[in-house]
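The values are calculated or read from the model by the stated rules, or taken from the named source; none is laboratory data. Keep in mind the model is a prediction, meaning the values are calculated, not measured. Heads up, the Cβs are rebuilt from the backbone with ideal geometry, glycines too, and the neighbour counts pull from every protein chain shown. Each accessible area value is taken on the protein alone, full model and side chains, heavy atoms only, with ligands, DNA and RNA left out. Shrake-Rupley method; radii C 1.70, N 1.55, O 1.52, S 1.80 Å.
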Amino acid sequence: MDDSYRLVGGLGSPYTMKVRAALRYRRIAHTFEMRNGKVREEVAHVRPQLIPMLKFPGEPDWMVDSTPILYALESHHAGRSLLPDDEASRFIAELLEDFADEWLTKAMFHYRWFYAQDREYCAGWIAADQVTPGEGAVERRREFAASIGARQVSRMALVGCTEQNKPVIEATYERVLDALEGEVGFGQFLFGTRPSIADFGLFGQLKTLADDPTPQWLMRQRAPTVSHWIRQMDDLSGISGDWHVPGHNLPTVVTRLLRVCAETYLPFLAANASALAEGSEQVDLDLLGQRYRQAPFRYQGKCRARLVAFHSQLSGGARTRVDAWLEQAGASRWLAPAS
């Protein structure tokens, strides 16, 4: 029986890149296949139709959603874990991974579909990956690019990527770059000399931002070392390292990122939870000195509930250290259980 995993996704998908890089780092045998041609037909029944999709050896079903996939792999494979041994550090890593998946992704989506040059480039890239060669491939790719571009632009307001929210979203990207620059690269990661789940969460979004025209230029100008770090993150199978020695202080890069999270994602999560509870049609709050508005998201309500649960389950010593770190970053009030 084949004991390797099958990963199906796309090169332009941040979550595919995240899972593929994690599989490579953990040295878990797998094959990677693009979701096109016969593969697309094979996985057409999978619900929801999200990438990446991962099939475990000997299992009939496919698993989707990158974070549950990474946790499932943790339960199946003991070596080279993505979760820091220190309980307090692990919670912060989980928080930052969620920040990347659910908030930094707005920067990825915004840059990809807001600017004309990015829309054209990215729609063409996705079409080239999705439409297999053959008779009429050029025309089919052109039609697919036009279709996917129009569809994604139509979804921008739904995920908060509007003209009004542009200053907050672009400032978030710049602050993440500033937090990382000079602190990561060449074997240095967020929690030591080995990568965590948070590193891979950031990598997935930043890999796409490092490829698309406008954010690529900004990254290379503002944070060139981050650009090099992203290339390294894609395949860390040869890296071995150690976790940061746990203590009362977080690594500087983590403190910086936690502050960005406290200024953007965590207050958004709290406002989103309130909007869901009240049946409001809009999340409306100030972020980074700007007004931010979008429709509430039930999935991000679940994300907040998960983080609150993780925080409440921390043991005494770990809880004390985490609360001190959250207080220092201005984040503590945002993780209180919903009343």
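Shape annotation for the stretch 152-222: C-alpha extents along the principal axes are 41, 25, 20 Å, from largest to smallest. Roll a 1.4 angstrom probe over the protein heavy atoms and tell me the percent of accessible area of the stretch 167-217 that is carbon or sulfur. Carbon plus sulfur share of accessible area: 52 percent. Expressed as a whole percent, the accessible surface of the stretch 1-77 that belongs to carbon and sulfur atoms is 54, based on a 1.4 Å probe.
Rounded to whole numbers, the Karplus 3J(HN,Hα) couplings from phi for the stretch 186-201 are 6, x, 10, 10, 5, 10, x, 9, 9, x, 10, 4, 5, 4, 6, x Hz, using 6.51 cos²θ - 1.76 cosθ + 1.60 with θ = phi - 60°, and x at Gly and Pro.
Checked against a 21 Å cut-off, the cross-linked pairs Lys106/Lys166; Lys38/Lys207; Lys106/Lys207 give Cα-Cα distances beyond that limit for Lys38/Lys207. By the Stokes-Einstein formula, at 1.002 mPa s and 20 °C, the stretch 19-167 with its Kirkwood radius over alpha-carbon pairs has D equal to 119 µm²/s.
Which whole-number percent gives the relative contact order of the chain, counting Cα pairs below 8 Å spaced six or more residues apart? It comes to 20 percent, rounded to a whole number.
Taking 0.36 nm per intervening residue step and subtracting the Cα-Cα distance, what contour gain separates Leu288 from Ala309 on full extension?
So the chain would gain 4.9 nm between Leu288 and Ala309.
By DSSP, the beta bridges lying fully in the chain are antiparallel in about 70 percent of cases.
With θ taken as phi - 60° and the Karplus curve 6.51 cos²θ - 1.76 cosθ + 1.60 applied, the whole-hertz 3J(HN,Hα) list for the stretch 68-85 is x, 4, 5, 5, 5, 5, 4, 6, 9, 9, 8, x, 6, 4, 8, 9, x, 5 Hz, x standing for glycine and proline.
With a probe of 1.4 Å, find how much accessible area the chain has per residue, and write the answer as a whole number in Å².
44 Å²
Derived scalar couplings between HN and Hα for the stretch 294-303 equal 6, 5, x, 10, 5, 4, 6, x, 5, 4 Hz in order, rounded to whole Hz, by the Karplus curve 6.51 cos²θ - 1.76 cosθ + 1.60 (θ = phi - 60°), x for Gly and Pro. Net charge dipole, the stretch 98-254: roughly 280 debye, given to the nearest 20, about the Cα centre with Cβ charges of +1 for Lys and Arg and -1 for Asp and Glu. Against the empirical curve 2.2 N^0.38 Å, the C-alpha radius of gyration of the chain lands at a ratio of 0.99.
Distance between the C-alpha centres of the stretch 13-30 and the stretch 249-280: 27 Å, rounded to the whole angstrom.
Stokes-Einstein diffusion for the stretch 268-312, with the hydrodynamic radius set to the Kirkwood value over Cα pairs and evaluated at 37 °C in a medium of 0.692 mPa s, equals 302 µm²/s. By accessible area, using a 1.4 Å probe on protein heavy atoms only, the stretch 225-339 has 49% of its surface on carbon and sulfur. Each part gets one Cα centre, and for the stretch 49-66 versus the stretch 287-339 those centres are 29 Å apart. Once all protein chains are placed together, Met63 keeps about 60 Å² accessible to a 1.4 angstrom probe.
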